Amino acid sequence: MENSKTSIIRKVLMALSGLFLVIFLLQHLMINSLSVINPDSFNEVSHFMGTNPAVQFLLQPILIFGVILHLVMGIIIEQQNRNARPIKYAFSNAGANSSWMSRNMIISGITVMLFLGLHFYDFWFPEIDIKFIQGDMSGMLEGETDFRYFKELQHKFVSPVRMGIYCLSFVFLSLHLLHGFQSSFQTVGFKNRKYAPTIEKLGNIYAVAVPLGFIIIALFHFINSSH
Amino acid sequence: MSAAKKLNLTLKVWRQKNGNAKGNLETYPLADISPDSSFLEMLDILNNGLIDKGESPVVFDHDCREGICGSCSLYINGEPHGPARLVTTCQLHMRSFKDGETIYIEPFRAKAFPVIKDLMVDRSAFDRIQHAGGYISVNTSGNTQDANSIPIEKEDADEAFYSAACIGCGACVAACKNASASLFVAAKVSQYALLPQGKIEAKDRVLNMVKQAEKEGFGPCSNTGACEVECPKGISIENIARMNREFLSASITK
Ligand code: HEM
Ligand code: SF4
Ligand code: FES
């Protein structure tokens with residue numbers, strides 16, 4: 001369909017995949033917070049998420065599709081953004097009319113993508129290796145009777161460099177969402193005078209609280225591991 | 001007259017012989033400018049001086065000089081129509097600037113607004129977007145119905161009127177980091193979408209106008225809101241949400 005090649009449809013796909021990631025991230029944060037509150041239930045939920053066929057073969061592919069869709073559309077849109085002004089201004093005062101976050105979504109987005117690469121290397125690739133290549137679905141290490149997930153998690157938050165990268169990435173995610181959350185409602189045409197203040201407030205709360213939650217949990221494990 | 005202190009300024013003006021030539025910023029010192037003069041009068045004074053010296057005057061667009069035609073453009077100190085809000089360049093006064101200030105004056109920059117000469121750009125892309133759907137088809141020969149005979153809710157009528165206030169100046173494009181024409185197109189779509197007379201052709205209108213804007217080379221909308229801040233007529237980005245709504249429902253059914 002010809003309409004689907006317009007930037008409005010591309011941006012609607014970005015907005016919908018972005019909002020989907022917003023929901024996913026909330027779920028992820030809730031599971032992570034179990035690692036602070038109750039390691040046993042963290043282990044159990046992790047095992048469920050990691051071995052349940054509906055999660056593994058339905059939700060996970062949707063999630064990966066969403067990330068790739070968002071990424072590919074982001075790159076196409078950014079290219080279109082740049083093409084529209086081949087000669088730049090010599091002197092621009094863009095700060096007078098728009099926020100840094102709104103003008104640099106590609107920078108915050110790519111930082112988040114780099115983090116995702118590291119995150120996959122840390123957690124996802126080893127999981128796939130253990131479960132689907134080695135075929136060990138037990139969720140336990142050899143000769144042990146406890147689930148391995150909590151130990152693995154603790155193990156990842158020992159290095160201060162890793163911690164720094166982790167925290168910084170979530171700062172960029174926060175910047176991405178400070179604009180992105182409310183922007184996606186505008187893109188799908190949902191924003192108007194009546195809903196805008198609520199959407200913006202909700203977006204600001206989410207964009208600060210959720211990344212901060214991830215940072216606090218990571219700091220908790222980092223501090224616990226250092227003695 | 002007021003004895004307000006005269007301004008001494010340094011102007012950095014974009015000079016470009018024609019569309020194909022390579023342009024550059026030229027520096028012009030300009031003394032004794034009254035803070036009460038308008039920005040375009042200041043440029044007239046600069047041009048008189050250039051003509052006296054046998055140099056070619058700076059070409060810039062202007063017509064009504066009262067904020068209604070949308071001809072005047074200029075990207076002044078990093079903002080379309082300069083630092084003041086809700087004004088066109090012809091309504092901007094030199095009291096918005098300080099004595100000794102350097103003022104950068106560039107053309108509106110967009111792939112779809114090619115430079116004709118100096119500060120003058122070709123904005124006919126806007127006309128072609130209008131031709132793609134910015135009208136209603138009414139037979140005007142003979143017994144045309146009075147538009148006021150169709151009752152319209154006051155809120156809708158007001159909203160359509162605010163959208164219709166767009167003068168097609170292109171400041172929204174110039175301000176946008178993506179040179180997007182979304183605010184202009186959205187205003188033109190909305191002024192009809194809100195009225196019963198516009199509903200009949202609403203689907204084709206939004207589809208065709210949006211596609212024409214893309215064809216002209218205007219960029220996508222990143223919702224930065226820069227357009228709304230710089231628009232001399234205060235057109236709201238609510239219009240863009242409405243345009244997206246209209247576009248989505250039209251592309252599902254058409
Ligand atoms: C894979 C890494 C990512 C990249 C490269 C990326 C890139 C982008 C870009 C370039 C935009 C703005 C497009 C534009 O209008 O110019 C954007 C918007 C957005 N992003 Fe991302 N992003 C990434 C990850 C995420 C994540 C993890 C989330 C949510 C948790 C997210 C949520 C959003 C939202 C809600 C928007 C607003 C969409 C709109 O304006 O309608 N992004 N992203
Ligand atoms: S929307 Fe505002 S800035 Fe854009 S063309 Fe119309 S009047 Fe000018
Ligand atoms: S000259 Fe007509 S709006 Fe400025």
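So if R0 is 51 Å, what FRET efficiency would A:N3 and A:V36 give, r being the distance between their Cβ atoms, rounded to the nearest 0.05?
Numbers: r = 47 Å, r/R0 = 0.93.
The formula returns an efficiency of 0.60 here.
May I ask for the Rg/Rh ratio of segment B:80-140, computed from Cα atoms with Rh as the Kirkwood radius, given to two decimals? Mind dumping the intermediate values first?
On the way: Rg = 17.0 Å, Rh = 14.8 Å.
Ratio of gyration radius to Kirkwood radius for segment B:80-140: 1.15.
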inquiry  = With the alpha-carbon atoms as the only input, what is the per residue convex hull volume for chain B in Å³?
reply    = 168 Å³
query = Which net charge results when you count Lys and Arg as +1 and Asp and Glu as -1 among the other residues whose beta-carbon is under 11 Å from that of A:Q182?
reply = +1
Simple Cβ-charge dipole of the protein assembly as shown, Lys/Arg +1 and Asp/Glu -1, about Cα centre, in debye nearest 20 = 620 debye
ask   = For all pairs of alpha-carbon atoms in the protein assembly as shown, what percent lies in each bin of width 20 Å, listed from the first bin to the last filled one?
value = 21, 42, 27, 9, 1
key: Cβ-based charge dipole, chain B, positive-most Cα from B:Q197, B:T88, B:L207   = B:L207
inquiry  = Tell me the mean residue ellipticity at 222 nm calculated for the protein assembly as shown from its helices only (DSSP H runs of n ≥ 4, each -39500 (n - 2.57), averaged over every residue, nearest 500).
reply    = -16500 deg cm²/dmol
key: chain A - Rg (one decimal) and Dmax (whole number), Cα, Å   = 20.0, 67
note = Net charge near B:E230 (other residues with Cβ under 10 Å of its Cβ; Lys, Arg +1; Asp, Glu -1) is -1
request  = Normalising by the residue count of segment A:2-224, find the relative contact order in percent from Cα pairs under 8 Å and 6+ residues apart.
outcome  = 31 percent
query = Are there trypsin sites (Lys or Arg not before Pro) in segment A:55-109 that DSSP puts in a loop and that have at most 12 other Cβ atoms within 10 Å, and which ones?
reply = A:K88
inquiry  = Testing the spin-label approximation: label points 7 Å from Cα along Cα→Cβ at A:V158 and A:L141. State their distance in nm.
reply    = 1.0 nm
key: Loop sites in segment A:138-220: GluC sites (Glu not before Pro), DSSP, at most 13 other Cβ within 10 Å   = A:E142, A:E144
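Looking at this model, which pairs from B:K111/B:K254; B:K111/B:K211; B:K199/B:K254; B:K188/B:K254; B:K117/B:K215; B:K5/B:K98 are more than 18 angstrom apart at the alpha-carbon? It would help to have the intermediate numbers written out before the result.
On the way: B:K111/B:K254 30 Å; B:K111/B:K211 16 Å; B:K199/B:K254 15 Å; B:K188/B:K254 20 Å; B:K117/B:K215 24 Å; B:K5/B:K98 10 Å.
Correct reply: B:K111/B:K254; B:K188/B:K254; B:K117/B:K215.
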note = Other residues with Cβ under 13 Å from the Cβ of B:G23 give, with Lys and Arg +1 and Asp and Glu -1, a net charge of +4
remark   = Mean other chain Cβ within 10 Å across B:73-82 is 3
message = Using a 10 Å cut-off around each Cβ of peptide B:231-240, what is the average number of partner chain Cβ atoms that fall inside?
response = 2
ask   = Counting only other chains, what is the mean number of Cβ atoms within 10 angstrom of the Cβ of each residue in peptide B:110-123?
value = 1
ask   = What is the calculated FRET efficiency for B:E41 to A:H28, with r their C-beta to C-beta distance and R₀ = 60 Å, to the nearest 0.05?
value = 0.50
message = Taking the 0 to 90 degree range and rounding to the nearest ten, how far is the long axis of helix A:196-225 tilted relative to the main principal axis of chain A, both from C-alpha atoms?
response = 30 degrees
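Only the coordinates and a few stated rules stand behind these numbers; no lab work does. As the structure is a prediction and not an experimental result, all values here were calculated from the model. Every residue, glycine as well, gets a Cβ built from its backbone with ideal geometry; the counts of neighbours run over all protein chains shown.
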